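Report on one structure; see the data block that follows.
The values are calculated or read from the model by the stated rules, or taken from the named source; none is laboratory data. What you see is a predicted model; the values in this text were computed from it and never measured. Using ideal geometry, Cβ is built from the backbone for each residue, glycine included, and neighbour counts are taken over all protein chains shown. Note: accessible area is taken over every heavy atom of the protein model, side chains too, but ligands, DNA and RNA are not part of it. Shrake-Rupley method; radii C 1.70, N 1.55, O 1.52, S 1.80 Å.
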Amino acid sequence: MANRREFLVAAVATSGVSKLAESKQATDGEARWAALNMGNARGPGGYAEARRGGPSSTSAQPAHLPPGCVKVGGELGRRIDITVNKNLLVLNADQDFLKPLRERTMKSGYVGLGKLIDASARLALYTGDERVVTLKRHLVAETLKTQEKDGYIGYLLPEHRVWDLWDISEMGYIVYGLTMDYRLYGEAASLEGARKLADYIIARWTSQPDHAIGDINIPTQMAAVGIENAMLALHEETKDAKYLAFVRDFRKIAGWDGRIVLGRWGRIEGHAYTYLAQCIGQLRLDRLEPDPRLVGPTHAVLDFLLNGNGMTITGACGDHECWHNTQEGTIHLGETCATTYAIFWLDELMRREGNSLYGDLMERLIFNTLFGAQSPDGRRLRYYTAFDGPRHYFEMDTYCCPNNYRRAIAVLPDLIYYRVQGGLAVNLYTASSVEAELEGGDALKLRQETDYPNGSQVTLRVDPSRSARFPLWLRIPAWCPNPNVTINGQPSEPPATPGRFLVLDRAWEAGDQVKLDLPMTDRWVKGRQGQAGRAALMRGPQLYCLNRALHPELKGVDLRLLVFDPASLEGPIPDDSVRPGGMAFRAKVWGPEAWYPHEKPAFTLTLTEFPDPSGEAAYFKVPNPQDSRLVADELLTPAAKTRSAS
Ligand SMILES: [Zn+2]
């Protein structure tokens with residue numbers, strides 16, 4: 001593993017500093033995006049500091065810790081656990097994933113094997129569970145056995161290969177999964193298989209660069225989604241220039257301009273998952289070969305999500321897989337692939353810029369959309385996760401969304417802590433522990449004790465192997481107006497500011513304790529666009545929803561006609577219905593046609609955490625949409641501006 005670790009450090013050390021200052025193109029969106037971010041230039045992770053610090057292991061750019069050094073508890077750990085035990089380990093991998101690979105009789109289609117290999121490899125390493133390791137080995141060995149002489153691994157009949165859907169994408173993810181198996185486990189056969197398959201793709205595609213892909217008219221980047229990231233990962237492992245050249249010169253991803261196209265129509269140009277996958281590929285290429293064009297689409301989509309109503313209150317984006325700005329939250333909201341890729345993309349941005357905003361956005365997505373996309377018992381997964389109206393489970397274990405879901409869960413341990421400036425950044429709060437190496441080879445153990453997101457208290461026990469000076473970055477969520485941080489009982493210097501990383505740069509001794517008090521403010525958040533005049537209840541990072549099944553009195557009632565009294569909120573009260581140790585609220589509610597506010601409210605209703613599978617509504621009508629108790633979503637631009645003023 002030693003050379004794996006070195007690689008991870010090196011991969012980050014080669015990262016370019018942000019191109020933001022140099023690439024201030026004059027679009028409105030970019031200017032606003034710059035304003036939003038430049039505040040951080042004065043604080044941790046800003047560009048000025050990144051530039052001064054230069055690319056090194058003490059860079060102000062956060063970096064991933066080596067895999068396997070974080071143990072996760074709390075709700076994040078529980079979700080990992082149920083995904084492994086109730087989903088991954090009960091799949092019929094031979095029947096659903098491997099049989100069609102052995103038969104190779106399909107004319108088109110998608111299975112998701114490469115994604116499953118990636119998730120299994122990560123979860124095997126994280127858990128160390130022999131059953132997961134065995135599954136991973138089985139998937140890889142059986143996959144490699146089917147590799148044909150020309151390098152092909154896939155499901156399709158020879159005459160349909162490469163050009164029918166979704167062969168290039170499927171092969172790309174198999175390349176990626178096998179490459180990750182090599183990265184995490186050093187399996188040489190996996191790398192060899194990945195190379196042969198990648199070479200097969202490159203030889204065929206580059207010999208017919210204008211060949212149409214698929215029998216439906218969609219953009220090439222959608223038909224081939226994932227291929228660039230697979231080739232870049234293979235380049236990282238092999239240093240072979242041809243994989244880089246494929247992405248740079250053949251796919252020409254710097255030239256992809258990433259317009260935001262709304263709605264699903266025409267050639268499906270506004271496909272959110274594809275767009276975010278392209279952005280990630282661009283940011284990864286930019287680390288290797290900086291080019292201002294490679295950050296343009298990332299700026300455009302961040303602006304769209306935060307300033308253009310592209311992101312909904314659950315953190316989810318997209319309707320029917322495509323960009324949307326109506327704030328409608330019905331059946332086709334939030335494809336799980338887009339959720340997963342938003343998390344991956346935010347992780348890229350966090351490692352690029354060290355801006356706590358990206359952690360705030362991750363947290364919103366993870367606790368709401370991601371966990372809402374899974375049944376409470378862990379077994380069933382969703383393709384879409386609506387907040388308005390009924391939600392449905394996806395009927396298969398194969399295909400894109402279930403496999404990307406497993407990948408999102410598998411990266412959670414990497415998102416909690418980052419290495420930064422020779423110290424550690426705490427990005428996500430959950431019971432957990434980490435053992436990492438400090439500059440100079442000393443060891444650091446850090447233990448996070450908390451029942452977050454139930455309670456507001458987080459205790460960090462800092463144990464360096466000997467007294468050492470290093471910075472500890474703590475993400476102070478934007479939703480928390482009155483944070484308080486103490487070190488060994490003394491107030492932190494500087495004090496914590498919402499929506500920033502607090503940097504504690506000092507000499508640490510074994511036994512030091514940092515206590516964060518992050519009061520979980522309850523708040524009614526104002527709806528926008530199609531939700532204007534309505535409000536949604538949030539507490540800390542979590543959204544609450546109304547489950548009609550808990551209330552027989554709501555049978556036949558249109559939930560959009562209920563009127564909530566924001567002043568009547570009671571709670572939080574313990575509620576295990578959605579997760580062990582969960583929380584709920586109660587509120588007084590007028591029925592349709594009530595003479596509010598003078599009439600007595602007819603109902604007292606319970607609001608449960610958003611992942612409640614029977615949740616049917618999250619935005620509610622209120623008597624006065626201008627009520628001063630209703631607040632703007634703190635992640636949107638107005639709040640971001642105050643963040644930059646601190
Ligand atoms: Zn999907």
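Filtering segment 389-403 to residues that are within 16 Å of the ligand (Cβ to nearest atom), open to solvent by 10 Å² or more (accessible area, probe 1.4 Å) and of a type outside the set (A, V, I, L, M) leaves ARG391, HIS392, TYR393, PHE394, GLU395, ASP397, THR398, TYR399, CYS400. Exactly one residue among ALA443, ALA425, ALA436 is open to solvent by less than 10 Å² (accessible area, probe 1.4 Å), more than 16 Å from the ligand (Cβ to nearest atom) and farther than 26 Å from GLN531 by Cβ, and that residue is ALA425.
Applying the criterion of being among the hydroxyl-bearing types (Ser, Thr, Tyr) and open to solvent by 10 Å² or more (accessible area, probe 1.4 Å) to the residues of segment 346-388, the residue that is farthest from HIS332 (Cα to Cα) is TYR383. Of the conditions (1) surrounded by fewer than 24 Cβ atoms within 10 Å (Cβ to Cβ); (2) touching a Lys or Arg at 6+ places or on another chain (Cβ under 9 Å), GLU328 satisfies every one except a single condition; which number is it? So GLU328 meets the others, but not (2). Every condition in (1) in a loop (DSSP other than H, G, I, E, B); (2) touching a Ser or Thr at 6+ places or on another chain (Cβ under 9 Å); (3) open to solvent by 20 Å² or more (accessible area, probe 1.4 Å) holds for PRO623 except the one numbered (2). If you go through segment 299-339 and keep only what is polar (S, T, N, Q) and either within 16 Å of the ligand (Cβ to nearest atom) or assigned to a loop (DSSP other than H, G, I, E, B) (or both), you end up with ASN309, THR312, THR314, ASN325, THR326, GLN327, THR330, THR336, THR339. Any residue at all in segment 132-143 that's part of a helix (DSSP H, G or I), over 29 Å from LEU415 (Cα atoms) and in contact (Cβ under 8 Å) with a residue 24 or more places away in the chain? Yes; the residues of segment 132-143 include at least one that is part of a helix (DSSP H, G or I), over 29 Å from LEU415 (Cα atoms) and in contact (Cβ under 8 Å) with a residue 24 or more places away in the chain.
Hey, does segment 430-446 have a residue that's under 26 Å from PRO613 (Cα atoms) and either in contact with a helix residue (DSSP H, G or I) (Cβ under 7 Å, 6 or more places away or on another chain) or not β-branched (Val, Ile, Thr) (or both)? Yes: one or more hits. For segment 60-78, filtering for residues that are under 27 Å from ARG379 (Cα atoms) and assigned to a strand (DSSP E or B) leaves 3.
For segment 257-292, a residue qualifies if it is charged (D, E, K, R) and either without any contact (Cβ under 8 Å) to a residue 24 or more places away in the chain or more than 16 Å from the ligand (Cβ to nearest atom) (or both), and the qualifying residues are ASP257, ARG259, ARG267, GLU269, ARG284, ASP286, ARG287, GLU289, ASP291. Condition first: buried (at least 17 other Cβ atoms within 10 Å of the Cβ), part of a loop (DSSP other than H, G, I, E, B) and not aromatic (Phe, Trp, Tyr). Now tell me which residues in segment 603-619 satisfy that. Within segment 603-619, PRO611, ASP612, PRO613, ALA618 qualify.
Which residue, of ALA594, ALA645, is aliphatic (A, V, I, L, M) and at pLDDT 95 or above? Of ALA594, ALA645, the one residue that is aliphatic (A, V, I, L, M) and at pLDDT 95 or above is ALA594.
Among the residues of segment 418-477, those identified as out of contact with any strand residue (DSSP E or B) (no Cβ under 7 Å at 6 or more places or on another chain), in a loop (DSSP other than H, G, I, E, B) and more than 22 Å from GLU493 (Cα to Cα) are ASP451, GLY455, ARG466. Kindly evaluate TYR418 against the criterion of being over 30 Å from VAL631 (Cα atoms), within 16 Å of the ligand (Cβ to nearest atom) and under 20 Å from the mean Cα position of the chain (by Cα). No, not satisfied. Scanning segment 178-233 for residues that are surrounded by fewer than 22 Cβ atoms within 10 Å (Cβ to Cβ) and β-branched (Val, Ile, Thr) gives ILE202, THR206, ILE213, ILE216, ILE218, THR220. The single residue among ALA188, ALA223 that is touching a residue at least 24 places away in the same chain (Cβ under 8 Å) and of a type in the set (A, V, I, L, M, F, W, C) turns out to be ALA223. Scanning segment 409-422 for residues being of a type in the set (A, V, I, L, M) and open to solvent by 10 Å² or more (accessible area, probe 1.4 Å) gives a total of 1.
Within segment 176-187, being under 19 Å from TYR399 (Cα atoms) and out of contact with any Gly (no Cβ under 7 Å at 6 or more places or on another chain) holds for no residue. The number of residues in segment 585-595 that are touching a helix residue (DSSP H, G or I) at 6+ places or on another chain (Cβ under 9 Å) and part of a strand (DSSP E or B) comes to 4. Quick check on SER169: is it among the small types (Gly, Ala, Ser) and more than 20 Å from LYS196 (Cα to Cα)? Answer is no for this residue. Restricting segment 352-388 to residues that are of a type in the set (D, E, K, R) and under 21 Å from LYS86 (Cβ atoms) leaves a set whose member that is farthest from the ligand (Cβ to nearest atom) is ASP377.
Cβ-Cβ contacts under 8 Å between residues 6 or more apart (or on different chains), taken from a first residue in segment 418-434 that is more than 15 Å from LEU349 (Cα to Cα) to a second residue that is among the β-branched types (Val, Ile, Thr) and assigned to a loop (DSSP other than H, G, I, E, B), are listed as GLN421/THR58; GLY422/THR58. Among the residues making up segment 498-510, those that are assigned to a loop (DSSP other than H, G, I, E, B) and open to solvent by less than 50 Å² (accessible area, probe 1.4 Å) are PRO498, GLY499. Here is the figure for segment 338-377: residues that are over 19 Å from THR312 (Cβ atoms) and of a type in the set (D, E, K, R) total 6.
No other residue among GLY591, GLY556 is open to solvent by 50 Å² or more (accessible area, probe 1.4 Å) and either over 29 Å from PRO498 (Cβ atoms) or within 30 Å of the chain's Cα centre (by Cα) (or both) apart from GLY556. Flag not set for ALA342, criterion: within 14 Å of the ligand (Cβ to nearest atom), part of a helix (DSSP H, G or I) and within 24 Å of LYS71 (Cβ to Cβ). Within the set ARG461, ARG406, the sole residue that is under 16 Å from the mean Cα position of the chain (by Cα) and either of a type outside the set (Phe, Trp, Tyr) or within 16 Å of the ligand (Cβ to nearest atom) (or both) turns out to be ARG406. When PRO491 is tested against (1) open to solvent by 10 Å² or more (accessible area, probe 1.4 Å); (2) closer than 16 Å to GLY359 by Cβ, only condition (2) is not met.
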